[in-house]
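Working notes, beginning with the structure itself.
Just so you know, all these numbers are worked out from the coordinates, no wet-lab data involved. Given the structure is predicted, the values throughout are model-derived calculations rather than measurements. A quick note on method: Cβ atoms are made from the backbone with ideal geometry, for glycine too, and the neighbour counts reach across all protein chains shown.
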Amino acid sequence: MKLSKLERTAAYLALVLFSAATVLPLLTAFFTSMKGDEEFSLGAMRLLPASWHPENYTRAMRMGDWPTYFKNSAIVTAVAVAGSLAFNSLAGFTFARLRFKGKQPIFLTLLVGMMVPAQVVVIPQFLILKSVPLFGGNDWLGAGGNGWLDSYYALIVPELAGAFGVFMARQFYLQFPRALDDAAYIDGAGYLRLFFSVYLPQSGPLLATLGIFKFVAVWNDFFHPLIYTNSEAMRTLQLGLQVFRGEHQVQYNLLMAASLLVSLPIVVMFFVFQKQFIRSMVASSVKG
């Protein structure tokens, strides 16, 4: 259907307004990161800085143990993303291609997990992590110590599985024709060989999409590291940003500078995998 000139103009205008609304907060953060300390003490409310201070980025990185924060976030995010991709893709393949008793009730129960906020289960998770036997000074009954709290285990293990990832993997694998399974079974392939030899090589868009979602969620997670860790050595980037919040004031210019630097890996990852991301989102919505 061919659009009229007025309709095209309206569509372009809507896209421009939407893009401006998306970019404006980023520009505001960048301009704020370039302002001097005196502008905030005077209470000046202006978009562009009166004088530019690119040294704010160097100053921000000198406050706090940023190598440790980056290392912790990198380790937690890399292991959590890799593990979740393995578990979610295998579970999604199982629900999409295998037949077993109770599959639908189990899958519906899994979907209920998508409706439960993370804050609801944080107390049970905290108690479970604290009671892991033979870790963190605990005895074999899980008492006497801290278990997995204040360790990489507490930040990684709860992130390894998720209902949303399983759901997306299932939707992606449902689009494949059943003839692929039949041909593999005739050749004597089992379930695992079918997955690793046939489905996994074609799962690039799915893995890229799930990887982006999980990377952003774990990299930007502030809530769980705040609850499950308490030492400086286990701080992640999001906790590290709190060094710019004083008792009586916030150093907004340094906070914005550090926040932009922390966000760079997410931006780079999205631009690298954006084509696979779009392909997977389209494919996952084809068949339910």
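Brief remarks follow.
- Computed per residue of the chain from DSSP H runs no shorter than four, each worth -39500 (n - 2.57), the mean residue ellipticity at 222 nm is -20500 deg cm²/dmol.
- With Cα atoms as the point set, the radius of gyration and Dmax of the stretch 63-284 evaluate to 20.4, 71 Å.
- Order of SER203, SER73, SER263, SER51 - criterion: other Cβ atoms within 10 Å of each residue's Cβ, fewest first: SER51, SER263, SER203, SER73
- Database remark: amide H of ASN138 closer than 5 angstrom to the amide H of GLY145, ASN146, GLY147 (H placed geometrically; neighbours at sequence offset of 5 or more, or on other chains; Pro and chain starts carry no H).
- By the count of other C-beta atoms within 10 Å, a proxy for reagent exposure, ARG8, ARG99, ARG59 are ordered fewest to most as ARG99, ARG8, ARG59.
- Exposed chymotrypsin sites (Phe, Trp or Tyr not before Pro) absent - longest run of the chain, DSSP non-H/G/I/E/B, at most 11 other C-beta within 10 Å: 141-288
- This ranking places HIS53, HIS224 by how few other beta-carbon atoms lie within 10 Å of each, fewest first, which gives HIS53, HIS224.
- GNM remark for the chain: springs join alpha carbons under 10 Å apart, and the peak mean-square fluctuation among THR22, THR229, THR109 falls on THR22.
- Sequence-ordered 3J(HN,Hα) estimates for the stretch 166-174 from the Karplus curve with 6.51, -1.76 and 1.60 and θ = phi - 60° stand at 5, 4, 5, 5, 4, 4, 5, 6, 5 Hz, glycine and proline given as x.
- For LEU48 and PHE176, a Förster radius of 41 Å and the Cβ-Cβ distance give a FRET efficiency of 0.15, rounded to the nearest 0.05.
- Mean-position separation - Cα centroids, the stretch 142-193 and the stretch 52-102, in angstrom: 16
- Value of relative contact order over the stretch 63-284, rounded to a whole percent, pairs C-alpha under 8 Å and six or more apart: 30
- The lysine pair count for the chain, using Cα distances under 30 Å and pairs eight or more places apart or on different chains, is 14.
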